[in-house]
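For reference, the structure discussed in these notes is given below.
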Amino acid sequence: MNIKTIIINLVFLTLSFCLLTPYSLAQQLTLSLSPPLIETIIKPGKSILIAYRLENFGDPAIFRVNVMPFSPRGISGDMIIENEFSGPVRFSLDNSDIKMSEPFFLKTRSTQQLLLRIRIPEGAPISDYYYTLLATSQPPPSIDGISSSQVKATIGSNLLITVTQTGEVQLKGKISSFEILPRFQFSFRGKTIRVIDSQDKIIIDSVVENLGENYLKPHGEIVLRGNFGETSKYEYLPKNILAHSKRLTQAQPSFVPDCTNKKRSEKMCLSPSTLIINGFFIGKYQLSTTVSFGVDSPNLYANTDFYAIPIKFIIGIFVVIIISVMIVKKVKVETE
């Protein structure tokens, strides 16, 4: 078979494959919506206008904009977006060419400004209301003979709206729990003894509960004091805690665990924590925390303690001693 025949056969096979196999268009979407979070206080009977910026870095697509309420879930800052609208807050778009829930087209590398009007009717109950502005892409229309992948992307920006007549808010909370995750824990004479290995990382969990009617942002620090006078301080990162919910706080990290590949099963990677402190510890340590919610709010306090013992080192020395004794005995028997 000559080269010309081989080329003709290859072209024929390629054309046959293309004719028998339908095309598949995979849409790629990369979106940006800013600002990602709005915190505002509004009086009943008033309205405000917020300008958003929606950017499409992917393929051209059709979008719809909507606003839905959300509620907190768990203690890690997760949330659930509701399926139906509720609450007295009214939303609309002041854009001349875009309406709420109606489709509009956005080209690649183009930007659309969204002018969101938030209005609080007269007589609206004094409370917090939590919503998310959602920009959702619509699947591209199918073409005869061509199948399109049903790509649907959604991006959101949260709205924390406090409705108040006087401008005052209720900042009321408590430290629900403040503890470490020790290697060993037992009770002795009615007191809990917590023990870690000297080479262990100190894993701290601090949960704050919001008892008020408005969201709050705790401030404060965690202090570690050793028995030799050494002191380390770690400030809390400002995170919102919604009304009547709990949240695991986060402090300025001193150590970030590597949770890739096989290390994902480690205790530090299985669940989030407030703070992980790395180092070598020995003796008794005191952990304390101070939390406040604003200038006029009282400080909240909590503390715990633990003992750091070089357990692995002691076990290693013990094993070395046993092996050494066995070797000495064996040598003594052989020399007799």
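The values are calculated or read from the model by the stated rules, or taken from the named source; none is laboratory data. What you see is a predicted model; the values in this text were computed from it and never measured. Ideal geometry is used to build each Cβ from the backbone, glycine not excepted, and the neighbour counts take in all protein chains shown.
Structure summary
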{"item": "Filtered residue count, segment 61-80, keeping only those that are assigned to a strand (DSSP E or B) and surrounded by 15 or more Cβ atoms within 10 Å (Cβ to Cβ)", "result": "11"}
{"item": "Residue match in segment 239-254 (condition: over 20 Å from Gly77 (Cα atoms) and at pLDDT below 90)", "result": "yes"}
{"item": "Strands (runs of 3 or more DSSP E) contained in segment 158-262 and holding at least 1 residues over 22 Å from the mean Cα position of the chain (by Cα) and farther than 20 Å from Ser292 by Cα", "result": "184-188, 191-197, 219-226, 231-235"}
{"item": "Failed item in (1) modelled with pLDDT under 95; (2) buried (at least 17 other Cβ atoms within 10 Å of the Cβ), with Tyr129 passing the rest", "result": "(1)"}
{"item": "All positions within segment 315-336 that are surrounded by 10 or more Cβ atoms within 10 Å (Cβ to Cβ) and polar (S, T, N, Q)", "result": "Ser324"}
{"item": "In segment 282-314, residue surrounded by the fewest Cβ atoms within 10 Å (Cβ to Cβ) [restricted to those that are closer than 28 Å to Glu230 by Cα and polar (S, T, N, Q)]", "result": "Asn299"}
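For every residue, the table says whether it meets (1) aromatic (Phe, Trp, Tyr); (2) over 30 Å from Leu31 (Cβ atoms); (3) touching a residue at least 24 places away in the same chain (Cβ under 8 Å).
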{"residue": "Leu160", "(1), (2), (3)": "no, no, yes"}
{"residue": "Glu168", "(1), (2), (3)": "no, yes, no"}
{"residue": "Phe188", "(1), (2), (3)": "yes, yes, no"}
{"residue": "Asp200", "(1), (2), (3)": "no, yes, yes"}
{"residue": "Ser206", "(1), (2), (3)": "no, yes, yes"}
{"residue": "Glu221", "(1), (2), (3)": "no, yes, yes"}
{"residue": "Leu224", "(1), (2), (3)": "no, yes, yes"}
{"residue": "Tyr234", "(1), (2), (3)": "yes, yes, yes"}
{"residue": "Ala251", "(1), (2), (3)": "no, yes, yes"}
